Amino acid sequence: MNAAPGVKSVKIAVVGGGVGGMAAAYELKSEASRRGLELDLTVLESRDRIGGSVVTERVDGCLVEGGPDCFVSEKPWAMELVEELGLGDQLVGTNDARRGTYVLWRGRPHPLPDGLILLVPTRIMPFVTARLFTWRGKFRMALDLVLPRKSDGEDETLGDFIRRRLGGEALDKLGEPLVAGIHSGDPETMSIRATFPRFVDMEREDRSLIVAMLKRMKAARAARAAAEQTQAAAPSPGGEGQPAPRRRPRSMFVTLDEGLGLVMSELRRQVGDESVRTGTRVTRVAAGPVSGWDVETEAGETFHADGVLFASPAYETAAMVRRLSGTLAAELEDIPYVSSATVTLAYSAATFPSRLTGFGLVVPKGEHRRVKAFTWVTSKFFGRAPEDVVLMRCFIRATAGETEGMTEAEMAAAAQDELRDILGVAASPLWARAYRWDRAMAQYVVGHLARVDRIDEELSAFRGLRLAGGAYRGTGIPDTVRYSRAQARALLDDLTGRTEG
Ligand SMILES: Cc1cc2nc3c(=O)[nH]c(=O)nc-3n(C[C@H](O)[C@H](O)[C@H](O)COP(=O)(O)OP(=O)(O)OC[C@H]3O[C@@H](n4cnc5c(N)ncnc54)[C@H](O)[C@@H]3O)c2cc1C
């Protein structure tokens, strides 16, 4: 499709070079080329590296993820991007033979029963015999099978939703540490509609979460079998004797063999190094003298652009647009953020207790510990460390500012103390790496979607300004990629006068 008559070239600035900004930049470049548009693109990133929360490092032959370490495969958008980038061969699943999660309860790790999907039990015997739940708690969870659906259509907190369907014990032992934990969020403020719309759909369509989950699992199994049959019947695309393309991993979580940082470096390579400016903090966006926008940086530079895509945190974007619209800035600023911190500890396998199997342990708030969760990295993923090294990753509780003022060495020491206390790991680590993520995760509180609608409405008065990133219509890597790429195409539409259809 060609550009609208008259518009042959566009100049666009993307603010922020995290997953959102870089996925958007990649989309702008590919889509402009498809539309026959000349694109002058600049990504302006305040840090001295791109990637935002994605940081992959090599330490003593180990692969360390400082932020995200994988993404869900059920949402296809991140995997599609990885494949488009030509990195499909790098996609790997988790080591599902070692699968298993523990919940710390009254100081002791309890395994999650088999067949429990997020919150929902789908197998009877493992659930009935699980020691994590009391009989009363199990009975209350099973009541989901008969309880009526909520029909007022109103949003509610994740906490209220879980209490209503499965009871307080499910909230304390699963909902808070495991489900809200995905967003580092507080279930008593998080919006169920904005964070887990799937649960809302399940209740609306099937009333009971247990019935709905069983139905969906059956449909997924049938779809997988059908896809495998089609794949087996299809001739090899490369012709007789050619190797078949690598299949996508089937695990629930996927990552790249060489870590998520590879996606970011490949995005940078394909977007073009000349289009990426790191160490450039944007402070303000103002209307250009004749048309378009002036993007001003802390260092006093001004970039003129026809369009600006803000993939920076909402509170940073608020400061950039305040003089354009106080209302817009206030709405953006009202999106709350929480902090997080991770510590990776490497141990000699010889000194590490061998009884630890599974992917990790979550720690409910009521246990009053300094950690929220541990990931047993070398059990969860293949090839992350030499055979004789065990890697543990720890999420420090930082949502209420607990890590403020703590140095990285202090965070590492706290993780080590907790590991000793909770799991009896007495050995000293070979090394530790700590990463702090201050105000890094947007929280979708009740009313979030309505707020984002108001933000979009307000922003629509400014042609050529759009949002991207994970703060608005889906958190996590796959949703961030989906939304940011869609916003990039929409911005090109805005600038070229093309309408959907
Ligand atoms: C510790 C941690 C673990 C996570 N684990 C997972 C996981 O396992 N799986 C998963 O799917 N998701 C996970 N997430 C969430 C995931 O990382 C995010 O959804 C995603 O990275 C959001 O990308 P983004 O581009 O919107 O934001 P960011 O990564 O925050 O990027 C925003 C960018 O804007 C830049 N910036 C800020 N201000 C300015 C300015 N004024 N001018 C220019 N640039 C600016 C920042 O430096 C940053 O690079 C995790 C997040 C954290 C913090």
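Conditions first: (1) part of a loop (DSSP other than H, G, I, E, B); (2) farther than 30 Å from residue 486 by Cα; (3) over 20 Å from the mean Cα position of the chain (by Cα). Residue 347 passes all but one, so which condition is the exception? So residue 347 meets the others, but not (1).
Residues that are free of Cβ contacts under 8 Å to residues at least 40 places away in the same chain and not in a loop (DSSP other than H, G, I, E, B) were ranked within the stretch 288-301; the one that is farthest from the ligand (Cβ to nearest atom) is 294.
When the residues of the stretch 206-225 are filtered to those that are among the basic types (Lys, Arg) and assigned to a helix (DSSP H, G or I), the one that is nearest to residue 146 (Cα to Cα) is 215.
Restricting the first member to the stretch 149-171 and to residues that are on the phi > 0 side of the Ramachandran plot, and the second to residues that are crowded, with 20+ Cβ neighbours inside 10 Å and hydrophobic (A, V, I, L, M, F, W, C), the beta-carbon pairs closer than 8 Å and six or more apart or on different chains are 167/141. When residue 74 is tested against the conditions (1) over 25 Å from residue 398 (Cα atoms); (2) within 13 Å of the ligand (Cβ to nearest atom); (3) modelled with pLDDT of 95 or more, the lone failure is (3).
For the stretch 242-258, the set of residues classified as modelled with pLDDT of 80 or more and assigned to a loop (DSSP other than H, G, I, E, B) consists of 251, 252, 257, 258, listed by residue number. In the stretch 440-481, of all residues being of a type in the set (D, E, K, R) and assigned to a helix (DSSP H, G or I), the one that is nearest to the chain's Cα centre (by Cα) corresponds to 479.
Looking at this structure, is residue 204 among the basic types (Lys, Arg), surrounded by fewer than 22 Cβ atoms within 10 Å (Cβ to Cβ) and more than 18 Å from the chain's Cα centre (by Cα)? So residue 204 fits the description; yes. If you go through the stretch 44-53 and keep only what is more than 6 Å from the ligand (Cβ to nearest atom) and touching a strand residue (DSSP E or B) at 6+ places or on another chain (Cβ under 9 Å), you end up with just 50. Checking 82, 92 one by one, the residue that is at pLDDT 95 or above, part of a helix (DSSP H, G or I) and either buried (at least 16 other Cβ atoms within 10 Å of the Cβ) or out of contact with any Ser or Thr (no Cβ under 6 Å at 6 or more places or on another chain) (or both) is 82 and no other. For the stretch 9-39, taking the residues that are within 19 Å of residue 286 (Cα to Cα) and either at pLDDT below 95 or not β-branched (Val, Ile, Thr) (or both), the one that is nearest to the ligand (Cβ to nearest atom) is identified as 16. Residue-level check: of (1) within 23 Å of the chain's Cα centre (by Cα); (2) more than 16 Å from the ligand (Cβ to nearest atom); (3) modelled with pLDDT under 95, residue 231 misses just (1).
Do the conditions hold for residue 217, that is, is it assigned by TED's automatic domain parsing to the domain that holds residue 122, of a type outside the set (D, E, K, R) and in contact with a Ser or Thr (Cβ under 7 Å, 6 or more places away or on another chain)? Here the answer is no, as residue 217 does not meet what is asked.
The values are calculated or read from the model by the stated rules, or taken from the named source; none is laboratory data. A quick note: this is a predicted structure, and the numbers were derived from the prediction, not measured. Quick reminder, even Gly has a Cβ in these numbers, built from the backbone with ideal geometry, and neighbours come from all protein chains shown.
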